[in-house]
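First up is the structure itself, then whatever we jot down about it.
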Amino acid sequence: MEVFYPMAISAVAVLATLVYASYLDIRDRRVPFITWMPMLAVGIVCTCFLLWERTSNGSLVAGFLSLVASFLYADYLDNRGRTDSPGLTLYYRKSSLFWYFALVLVLPVISWFVLAPALNVQIIPWFAMFAGIFGYMTYTEYRDRPAGKKKPKRNVAESNVEDVLSRWYFVLIVIIYAITSVMMFYGTNGWGAPALLILLPAIFCGVFYVFGRMHFFGGADAWALIFISFCVPVFPFVPILGSPPIGFLSFSVLINALLLNLVTPLAILAINLARRNRAPLMYLFFGFPVSGGKIQESWGFVMEDFEEKEGTVRRKFIGFWDSVRRMYAGTDRVYTKDLREHPEKFGKELDMYRKAGSVWISYAVPFIIPITAGFVTAVVFGDFLFAIMKIFTGA
């Protein structure tokens, strides 16, 4: 059995980090960003070594480093200060902004032009767009980041445009990486098939980075999948159930995690039915009632809205689309952790919950636990969905 030893070493580092991150998420419901740094350092070195060992293509290696740098720089722009990781204070200093921006620009130049087997003029406009987008976001961040000066006032239209750009600009960056990777894939003097090691992580990681920014996905969960993609992009060895056609490990990790996580909603439904808890069917899968007076002792998001009229507490479940809107806006969602840590800000809500007697909350099993299980099962056994499809098709 062939073993890709750089990936095996990286997989061990990833597994150790995922186990520790799962412990932190269970204990504190927070995984500081700095937790991922040792794993990332080992994984990037191992992946670069694998790419060079298999292709001897410096352009490809620089392209991979460029992709990683762009994701880290986007995090740098989107998270001023990283209060969850004091150890990264230097990383977020305003004076370092343009040095990081220069590095992000230099790496694709080296990859797409300097070390490329041949000059592809079609990539030049895409690089110009890449530099323009990151340049504009760097300028706005430098202008707005606190540095002893007041944030400049802007009109409503300008603020709305910047809000949209700040949320969605990275989608354009991911599209640029995808397009240039396709060009290098099909180009006569391009990267060929190894270009998939840039294309697949760019799309996969881009989706989860945006999901995390939109609050559709937990930040730690999104970074776990992103960094797994960077650290172990391919299987370290052929798993027991065989390698899936694409061979992109992170996708198999996600599929296995989702399949394993299906057990939780089914278990919650069984418990609600056994306890005769009454609610619309959808909520029976994803939540359960807790005592309004002890809600701070539980973990989860409140699934109901309350109001008091004429001494009577009225309640209604938050609809699906309303819940999506609140996740996107990042407001109007009540997390029991916030009730516990900042009770002074939720005096009205806590009083209402006590009067209501019981409150439905969503279950809060950190998804990083299924991700960890998905990683182990993907490396050892392979892709569960692919194995199921093989059984049904008789392949």
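The values are calculated or read from the model by the stated rules, or taken from the named source; none is laboratory data. Here the structure is a predicted model, which is why all the values come from computation and not from measurement. In this analysis, Cβ positions are derived from the backbone assuming ideal geometry, glycine residues included, and neighbour counts consider all displayed protein chains.
At-a-glance table
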quantity: Residue identified as surrounded by fewer than 19 Cβ atoms within 10 Å (Cβ to Cβ), farther than 15 Å from residue 70 by Cβ and in contact (Cβ under 8 Å) with a residue 60 or more places away in the chain among 216, 185; calculated: 216
quantity: Residue identified as of a type in the set (A, V, I, L, M, F, W, C), assigned to a helix (DSSP H, G or I) and modelled with pLDDT of 95 or more among 185, 170, 127; calculated: 127
quantity: Matching residues in the stretch 290-302 - criterion: being assigned to a helix (DSSP H, G or I), at pLDDT 85 or above and over 19 Å from residue 332 (Cα atoms); calculated: 294
quantity: Spans of helices (runs of 4 or more DSSP H) in the stretch 326-383 with at least 1 residues at pLDDT below 90; calculated: 336-341, 347-356
quantity: Considering residues of the stretch 130-152 that are aliphatic (A, V, I, L, M) and under 24 Å from the mean Cα position of the chain (by Cα) only, the residue modelled with the lowest pLDDT; calculated: 137
quantity: Qualifying residue in the stretch 305-315 (condition: loosely packed, with under 10 Cβ neighbours inside 10 Å, charged (D, E, K, R) and not assigned by TED's automatic domain parsing to the domain that holds residue 218); calculated: yes
quantity: Among residues of the stretch 256-289, those that are over 27 Å from residue 387 (Cβ atoms) and outside any helix (DSSP H, G or I), counted; calculated: 8
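So that you can scan it fast, the table gives a plain yes or no per residue for (1) of a type in the set (Lys, Arg); (2) free of Cβ contacts under 8 Å to residues at least 60 places away in the same chain; (3) farther than 30 Å from residue 24 by Cβ:
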position	(1), (2), (3)
344	no, yes, no
355	yes, no, yes
358	no, no, yes
362	no, no, no
388	no, yes, yes
